[in-house]
Structure formats: C-alpha cells, structure tokens
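Participant: Input: one structure, supplied below.
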Amino acid sequence: MDHSAVLHLTEKGADEVAHRTCKLGIKLRSVLLFLQHPQSIAFTLQKSVFPEADILDAIDKLASDGFIVVEAPPAAAPRHNASIASPQSAIATPETKAADFAIGDDILLSEARFLLIDFCVDCFGMAAEKFTDDLRACKSVSALRAVLKELLPLVGAQKPEQLPALRDTIRAINDTA
C-alpha cells in the first residue's frame with residue numbers, strides 16, 4: 001500500500017464518526033477520527049498509537065466496508081524552500097484561491113488562535129512550537145494575519161496535502177465573525 005495515498009471518509013464513514021451507527025472497534029474508529037479531514041496513509045500511521053500493521057489492516061477493512069476511500073497519491077510537486085516560498089506560490093493550485101486563505105476583520109480572535117494552533121499541531125506535531133507560540137502572542141487580527149502569512153508557504157511547501165484542511169480552518173475562523 002502506497003503510504004502517500006490519501007484517505008477520505010465516505011458518507012457512511014462520516015455518519016459513523018458522528019453517530020457511531022455501526023459501533024466499530026477502537027482501532028477502526030481511531031482511523032476514522034484521523035480522517036475527518038483527508039489525510040495521507042503516512043500521516044495516519046505517524047499519528048496513531050497502534051502498530052503500523054494494525055492500522056494498515058484497519059485501513060483495508062474500512063475501505064472494503066465502504067467507510068473510507070483510498071485515493072491515489074497526488075502527483076509529485078517540486079519542493080520549495082520554505083524560507084523563499086511566497087504565499088501565492090503555496091496556493092497557486094487550480095482548486096485553491098488566495099481568497100480562501102484570507103482572514104476577515106470581525107473574527108473572534110481567541111477562537112481563531114485556538115483553531116490555528118490546533119491546525120498547526122495536527123499538521124506539524126512538535127515542530128509546530130514556533131507557530132503555536134507566535135499564535136498565542138497575537139493580540140490583533142493583523143498580528144494573526146502576519147503569522148498566517150508565514151505559515152501558509154510552509155504548509156504549501158512541506159505539507160501540501162494539508163492546504164484543504166488549512167482552508168477549512170480559515171473558513172471556520174471567518175464563520176466566527
């Protein structure tokens with residue numbers, strides 16, 4: 001199984017996450033919970049506390065039972081140096097637009113900080129400490145935008161599969177206005 005393949009919840013999987021209709025066991029359910037946002041197999045294996053073989057078996061079972069879909073890995077994109085990548089180069093894909101990554105003026109700052117810190121930890125794990133510290137220190141929307149301006153090219157360069165999750169996080173932030 002290609003570890004760069006992307007896993008997505010089906011409607012049945014989303015229903016199981018929300019309502020526990022099928023009462024899946026802890027290993028199967030833990031995989032489903034990781035996939036509330038599409039993730040690569042490698043990310044799922046990295047985040048899980050269960051042995052790799054158990055998680056790969058769980059992925060196979062969930063796919064065969066119709067809870068998830070395994071999508072072929074995205075075509076290899078050239079890596080950019082995160083220090084020179086611009087926000088525009090990080091989001092210059094057909095399915096994303098710069099407006100998707102813009103934070104509104106009237107958002108709830110505390111909620112925005114919380115959501116972005118949560119995203120950073122999910123995306124980068126312990127390597128997110130610089131961003132989490134910077135986000136905690138934000139006292140204004142403009143300061144939050146400055147941190148996002150640094151974060152966006154890093155996500156685009158190092159974790160491009162996480163751009164949809166970042167876009168969803170920003171939408172949730174803008175919905176707090």
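Participant: Among the residues of region 8-33, count how many are surrounded by 18 or more Cβ atoms within 10 Å (Cβ to Cβ) and either at pLDDT below 85 or under 19 Å from Thr169 (Cβ atoms) (or both).
Facilitator: 1
Participant: Just the residues that are touching a residue at least 24 places away in the same chain (Cβ under 8 Å), touching a Cys at 6+ places or on another chain (Cβ under 8 Å) and either hydroxyl-bearing (Ser, Thr, Tyr) or open to solvent by less than 30 Å² (accessible area, probe 1.4 Å) (or both), please, taken from region 120-170.
Facilitator: The answer is Leu144, Val147, Leu151, Val155, Gln162, Ala165, Leu166.
Participant: So Ile173 ticks every box in (1) surrounded by 15 or more Cβ atoms within 10 Å (Cβ to Cβ); (2) more than 19 Å from His37 (Cα to Cα) but one. Which box is left unticked?
Facilitator: (2)
Participant: To continue, here is another question. Could you list, ordered by first residue, the pairs with Cβ atoms under 6 Å in which the first is in region 42-55 and surrounded by 14 or more Cβ atoms within 10 Å (Cβ to Cβ) and the second is acidic (Asp, Glu), at least 6 apart or interchain?
Facilitator: Qualifying pairs under 6 Å: Leu45/Glu52.
Participant: With a cut-off of at least 3 residues that are at pLDDT 85 or above and under 13 Å from the mean Cα position of the chain (by Cα), name the helices (runs of 4 or more DSSP H) lying wholly within region 70-173. Steps first, please.
Facilitator: Details: elements: 87-90, 109-124, 129-136, 141-158.
Once the helices (runs of 4 or more DSSP H) in region 70-173 are filtered for at least 3 residues that are at pLDDT 85 or above and under 13 Å from the mean Cα position of the chain (by Cα), what remains is 109-124, 141-158.
The values are calculated or read from the model by the stated rules, or taken from the named source; none is laboratory data. Note that the coordinates shown come from a computational prediction; the quantities given were computed from them, not determined experimentally. Cβ: placed from backbone, ideal geometry, glycine included. Neighbour counts: every protein chain shown. Just so you know, the surface numbers come from the protein's heavy atoms only, side chains and all, with ligands and any DNA or RNA stripped out. Shrake-Rupley method; radii C 1.70, N 1.55, O 1.52, S 1.80 Å.
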